[in-house]
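Have a look at the structure below, then the notes.
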């Protein structure tokens, strides 16, 4: 028996070395952790149970016959993170460049299904040169299995992708099907690389310009977090998991503690005296959430809207807020898409949504109209209307036109709508409205400028204040800014057991 045990240990040791000590050393020298180091850094010590250590390919063509690929280039298994069960896969770049063959992808898909069976989050650490070309269509079939599993897990358990190296070709579609993507500074992700683009279009572009984290954060909006390195990516993943439930049948975790809801007087002076002047809405967010702890999502994309996770009295919430210091907080195509996707995630995983409103409307312009602002703006309307989690809206300042509705007004089934005394709720700003309503009266006045100012003030006093909306029950209460956290906390407690019946149907049709 001892001989058999020794043989087992030798086989394990060989597999643990991946592509070999030399390749692992080279990998570390590039500033990256190995596949197993990434797993051990993420999970609780001693909790990882590996599955499929001795799995291997069955290919015999193009030099693959008899070629040993330890764990077939991907480590899969279950572990705990912060004491909570997760399933994960970590590609090993030292083994055939982390290329995904059929068995490689079968292992990933199987651990994903185990995640679904147990109702636990799935984490995929990507570091792969793409499909294993020696296996031909088998590698494509494997990709298909992973993509299908991504869709089966979607909305049932959280899925998080870490891009810690190359993620090229079809491999990039699996992260795109997950809920959150964390990309390191050392990683690139693209469908067609610079060489192919050069051949087909004649355009010259570097891998970093094409698929680096800045490109995907700012331009494509594909990723959600940028990490400095592997350790930072893993820390972000662990923090993100701390806000999320294990699955769609559970509520988010509660962090026990002694939480204050005393008035925060800083909120009484957070808004500029001039109503057209910008300010950073994150100052408001940090003043109403626990310990000013806010995990912002997609910080560099569509910066005119802010989304992210926080806690109020220990319970997770999703925050959606217009950002007045960027494009005056206007809603455009990218902002609508960014917010709609975040809202859909929160609704799928039972996370209440707190919306902070200071919006002058939708972005005007030919580019926006041709780009489909009608369709993309409708996604935001759809996402809020379809959401059944507690929805609390606070109107801070401007809330004009269709954007008033799109930011979860009462008519989109918001459970509570609070307004600060500074709120201006109207079809449009007083200046524009006066020009339309009183055009003739202004033009015929002895002093048109003086009359215009009088009529603007009259319109603002009549319509652009929260009390008109409160009279019509479109605002539940006008509140002191300092008391905002207290009102939200109370509303969340009352709405904790909220239930909403919906019409029986397979699913609604979002205007994609």
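The values are calculated or read from the model by the stated rules, or taken from the named source; none is laboratory data. Fair warning: this is a prediction, and the values are worked out from it, not measured in the lab. Every residue, glycine among them, receives a Cβ derived from its backbone with ideal geometry; neighbour counts consider all protein chains shown.
Please enumerate the residues belonging to region 257-267 that are buried (at least 16 other Cβ atoms within 10 Å of the Cβ) and in a helix (DSSP H, G or I).
267 - this is the single residue of region 257-267 that is buried (at least 16 other Cβ atoms within 10 Å of the Cβ) and in a helix (DSSP H, G or I).
For the structure I just gave you, tell me whether residue 271 is modelled with pLDDT of 95 or more, surrounded by fewer than 17 Cβ atoms within 10 Å (Cβ to Cβ) and outside any helix (DSSP H, G or I).
no
Being touching a helix residue (DSSP H, G or I) at 6+ places or on another chain (Cβ under 7 Å) and under 16 Å from residue 409 (Cβ atoms) is the filter here, so list the residues in region 449-474 that pass it. Spell out the reasoning first.
Just the residues of region 449-474 that are touching a helix residue (DSSP H, G or I) at 6+ places or on another chain (Cβ under 7 Å), to begin with: 451-452, 455-456, 459-460, 464, 474.
Passing the criteria: 464, 474.
What's the number of the condition residue 149 fails, among (1) crowded, with 20+ Cβ neighbours inside 10 Å; (2) under 22 Å from residue 18 (Cα atoms)?
Residue 149 satisfies every listed condition except (2).
This table checks each residue for (1) in the same structural domain as residue 392 (by TED's automatic domain parsing); (2) in contact (Cβ under 8 Å) with a residue 24 or more places away in the chain; (3) in contact with a helix residue (DSSP H, G or I) (Cβ under 8 Å, 6 or more places away or on another chain).
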| site | (1), (2), (3) |
| --- | --- |
| 279 | yes, yes, no |
| 282 | yes, yes, no |
| 288 | yes, yes, yes |
| 292 | yes, no, yes |
| 300 | yes, yes, yes |
| 310 | yes, yes, yes |
| 314 | yes, yes, yes |
| 320 | yes, yes, yes |
| 329 | yes, yes, no |
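Residues that are crowded, with 21+ Cβ neighbours inside 10 Å: which strands (runs of 3 or more DSSP E) entirely in region 276-369 hold 3 or more of them?
Per the criteria, 305-312, 315-322, 353-359.
Going through region 9-35 one residue at a time, which ones are modelled with pLDDT of 90 or more and crowded, with 19+ Cβ neighbours inside 10 Å?
Across region 9-35, the qualifying residues are 24, 27, 32, 33, 34, 35.
How many residues does region 317-342 contain that are touching a strand residue (DSSP E or B) at 6+ places or on another chain (Cβ under 6 Å) and closer than 19 Å to residue 252 by Cβ?
Here the count works out to 5.
Going through region 407-446 one residue at a time, which ones are crowded, with 16+ Cβ neighbours inside 10 Å, in a helix (DSSP H, G or I) and in contact (Cβ under 8 Å) with a residue 24 or more places away in the chain?
Matches in region 407-446: 410, 412, 430, 433, 434.
Take the conditions under 26 Å from residue 227 (Cβ atoms) and touching a helix residue (DSSP H, G or I) at 6+ places or on another chain (Cβ under 8 Å) and apply them to residue 14. Does it pass?
No; evaluated as a whole, the condition is false for this residue.
List the helices (runs of 4 or more DSSP H) that sit entirely inside region 1-113 and contain at least 2 residues that are touching a strand residue (DSSP E or B) at 6+ places or on another chain (Cβ under 8 Å).
By residue number, 35-42.
Filter region 370-387 down to the residues that are farther than 16 Å from residue 411 by Cβ and more than 18 Å from the chain's Cα centre (by Cα), then identify the one that is surrounded by the fewest Cβ atoms within 10 Å (Cβ to Cβ).
370
Check off (1) modelled with pLDDT under 95; (2) touching a helix residue (DSSP H, G or I) at 6+ places or on another chain (Cβ under 9 Å) for residue 66 and give me the number that stays unchecked.
Among (1) modelled with pLDDT under 95; (2) touching a helix residue (DSSP H, G or I) at 6+ places or on another chain (Cβ under 9 Å), residue 66 violates only (2).
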